[in-house]
Amino acid sequence: MTFAPQPAIYRPETPILSLGDSFYDAVAPATFPQTRLRFRNDRWAETVGLDGLSDAQWIAHFGRFEPLPGNLEQPLALRYHGHQFRVYNPELGDGRGFLFAQMRDGRDRLMDLGTKGSGQTPWSRFGDGRLTLKGGMREILATEMLEALGVETSKTFSLIETGEALERGDEPSPTRSSVLVRLSHGHIRIGTFQRLAHLKDAEGMKRLVAYTLKHYFGTEAGEDAAAQLLAKVVEKTAVLAPSFIGAGFVHGVLNTDNINVSGESFDYGPWRFTPFYDPAFTAAYFDHQGLYAFGRQAEAVHWDVVQLAVALRLIARAEELVPALEHFAAYYEESLLAALLRRLGVKSRGAVADKAMTGALERALMENSVEIDRFFFDWRGGQLRSETAAARYDSPAFDDLKGALASYGPAVRLDHDYWRDEAPCSMHIDEVEAIWARIDQADDWTALERKVAAIRRMGDAMGGGV
Ligand code: AMP
Ligand code: MG
């Protein structure tokens, strides 16, 4: 379940400093030749009381990284390790980003403003510490679309073009540069815990566990703090993959360093939305084995959470941790039903009926004759919208589903204009490329602006925070 933005006043709070300096490195931001504001997310800036900034102030804070009042005096590159495509890498960490500020939001959650593309850090290895403008634009599109479809995601807060020419081996080079700021419910990754296990830093692990319980789960650490934490993380992350499935989304890089223990989805690189309900659909061209394919995302997240349990073994016995892990499958199943029902906009009829209906739905969609977005658009509220739409569902592949849906009633209103459009709002790769082509070739940002507006309108139609 996602929430609509809740306006708030600016309330800085920097508990990250209580973790101590073995958790991060103070770094300096890059000095950019140019700072051109390309995107500011006032819808979410309002939730942390920063929507009142002038553009000049915005650029000073989110392009030149002048500290926000009462906030971190210096940006902090966070330390972490992680498994990348199942291979342990102890040389990760914020290599092109840092934590810039922390604050409370309108729901009293502790939020981070973190960056991508803000310069080199001790963790850059051979990288330039930069983000391409196209990468920044893609992160806007992914986060806006996921939010509209009801996925808990970080928000793209700001994108500023920085006037450098970047060389990239896998893209036409040189390419334009940018710096992005994201608003997220923390940046504590499974890899943050893995690093402490690798270093055998039991003291640090206890501190991080207590910090995470307190600031992200609102509880004090008890005797069995590690098990307490694992139980919470299992509960949160088991929702992630089902919410991707409901959205038709493939994250692409579900490595342990890209899994936020708060359960929020973040860090969008080679993501794609799959046009069809194709379990084998892969986003990253370098994912040769299809490890993070559309239909394998639950398995990937589960594997990552098991790595958290392995890391927590530093301060807890396996017997204490196993029960929490065993809940993953049940939470997953429950969340998958909820995600599909929400996307369809129908009321639950109990787990047995819901399971039969969503099973029929998945089988029908796997026929690949109708695009995911088109299907959910046509069947919003559980009833076919029109005679013209009916023709698309003539095939016997849809018979079971039609039968199952007959007893389902709408859980949503259908009076928004959006439901009278010709076609659903989608986010397929050719459109992403076309939006980029306008920016790249003509410095024309109107296609992006129009798309963001169309996505937000769909989000409103979907009921936003309902
Ligand atoms: P990601 O795949 O984006 O999650 O990044 C994996 C690791 O590579 C992280 O430690 C990043 O900070 C680092 N990284 C990725 N791109 C760059 C870059 N251009 N410069 C420095 N570090 C990078
Ligand atoms: Mg990452």
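The values are calculated or read from the model by the stated rules, or taken from the named source; none is laboratory data. A quick note: this is a predicted structure, and the numbers were derived from the prediction, not measured. Counting neighbours? That spans all protein chains shown, and the Cβs are built from the backbone with ideal geometry, glycine included. Heavy atoms of the whole protein, side chains included, go into the accessibility calculation; ligands, DNA and RNA do not. Shrake-Rupley method; radii C 1.70, N 1.55, O 1.52, S 1.80 Å.
Would you please classify the overall shape of the range 11-187 from the alpha carbon gyration tensor, given that a ≥ b ≥ c denote the square roots of the eigenvalues, rounded means a/c under 1.5, and beyond that prolate means a/b larger than b/c while oblate covers the rest?
In terms of gyration-tensor shape, rounded.
Of the heavy-atom accessible surface of the range 191-331 (probe 1.4 angstrom), what whole percent is carbon and sulfur? Its accessible area is 55 percent carbon and sulfur atoms.
The amide H of residue 24, built 1.01 Å from its N in the peptide plane, has 79 as neighbours under 5 Å, considering only residues 5 or more places off or on other chains.
In the range 322-388, which trypsin sites (Lys or Arg not before Pro) are in a loop and have at most 16 other Cβ atoms within 10 Å, using DSSP for the loop call? For trypsin sites (Lys or Arg not before Pro) across the range 322-388 that sit outside H, G, I, E and B with at most 16 neighbouring Cβ atoms in 10 Å, the list reads 347, 349, 385.
If you add up the charges near residue 340, with Lys and Arg at +1 and Asp and Glu at -1, over every other residue whose beta carbon is less than 12 angstrom from its beta carbon, what do you get? Counting the neighbours of residue 340, the net charge comes to -1. Dipole magnitude for the chain: about 380 debye, using +1 per Lys or Arg Cβ and -1 per Asp or Glu Cβ, origin at the Cα centre. Across the range 96-109, rounded Karplus estimates of 3J(HN,Hα) from the backbone phi angles (6.51 cos²θ - 1.76 cosθ + 1.60, θ = phi - 60°) give 9, x, 7, 7, 9, 7, 10, 6, 8, 9, x, 9, 6, 7 Hz, Gly and Pro being marked x. From the alpha carbon centroid of the range 76-100 to that of the range 123-139 is 14 Å. Karplus-derived 3J(HN,Hα) values for the range 406-417, using 6.51 cos²θ - 1.76 cosθ + 1.60 with θ = phi - 60°, are 4, 9, 9, x, x, 10, 9, 8, 10, 8, 6, 3 Hz; glycine and proline are entered as x. Computed with every protein chain present, the accessible area of residue 24 is close to 20 Å² [probe 1.4 Å]. Give the separation of the Cα centroids, the range 401-466 to the range 324-369, in Å. Each part's Cα centre sits 22 Å from the other's. Solvent exposure of the range 151-194, expressed per residue, is 25 Å² of accessible area, with all protein chains present and a 1.4 angstrom probe. Whole-Hz Karplus values for the range 350-366 come out as x, 4, 5, 5, 4, 5, 5, 5, 5, x, 5, 4, 4, 4, 5, 5, 5 Hz, taken residue by residue from phi with 6.51 cos²θ - 1.76 cosθ + 1.60 and θ = phi - 60°; glycine and proline positions read x. What the range 1-82 shows is 47 Å² of accessible area per residue, with the surface traced by a 1.4 Å probe over protein heavy atoms.
Applying both filters, DSSP loop and at most 13 other Cβ atoms within 10 Å, to the GluC sites (Glu not before Pro) of the range 86-165 gives 91.
Assuming R0 = 51 Å, can you tell me the calculated FRET efficiency for the pair residue 368 and residue 313, based on Cβ-Cβ distance, to the nearest 0.05?
Efficiency, rounded to the nearest 0.05: 0.75.
Please label the shape of the chain as rounded, prolate or oblate, based on the square roots a ≥ b ≥ c of the eigenvalues of the alpha-carbon gyration tensor (a/c under 1.5 means rounded; beyond that, a/b larger than b/c means prolate, else oblate). In terms of gyration-tensor shape, oblate. When we measure straight from the Cα of residue 155, which lysines land under 21 angstrom away, once same-chain ones fewer than 8 places off are left out? Reachable lysines: 116, 134, 236, 451. Using the 1.4 Å probe convention, the accessible area of the range 323-407 works out to 48 Å² per residue with neighbouring protein chains retained.
Between residue 223 and residue 443, what is 0.36 nm times their sequence separation minus the Cα-Cα distance? Round to one decimal in nm.
Stretched fully, the residue 223-residue 443 segment lengthens by 73.4 nm.
For residue 200, a cut-off of 25 angstrom between C-alpha atoms picks up these lysines, skipping any fewer than 8 places away in its own chain: 214, 232. When shorter helices are ignored and each DSSP H run of at least 4 residues is given -39500 (n - 2.57), the per-residue value for the chain at 222 nm works out to -12000 deg cm²/dmol. Taking every protein chain into account, the 1.4 Å probe leaves residue 276 with about 70 Å² of accessible area, to the nearest ten.
At most 15 other Cβ atoms within 10 Å and a DSSP loop assignment: could you name the trypsin sites (Lys or Arg not before Pro) in the range 173-250 that fit?
In loop regions of the range 173-250 (DSSP not H, G, I, E or B), the sparsely surrounded trypsin sites (Lys or Arg not before Pro) are 200.
Close amide H pairs (under 5 Å, H built 1.01 Å from N) link residue 272 with 250, residues at least 5 positions away or on another chain. Rolling a 1.4 angstrom probe over the range 345-462 with all protein chains present gives an accessible area of which 50% lies on carbon and sulfur atoms.
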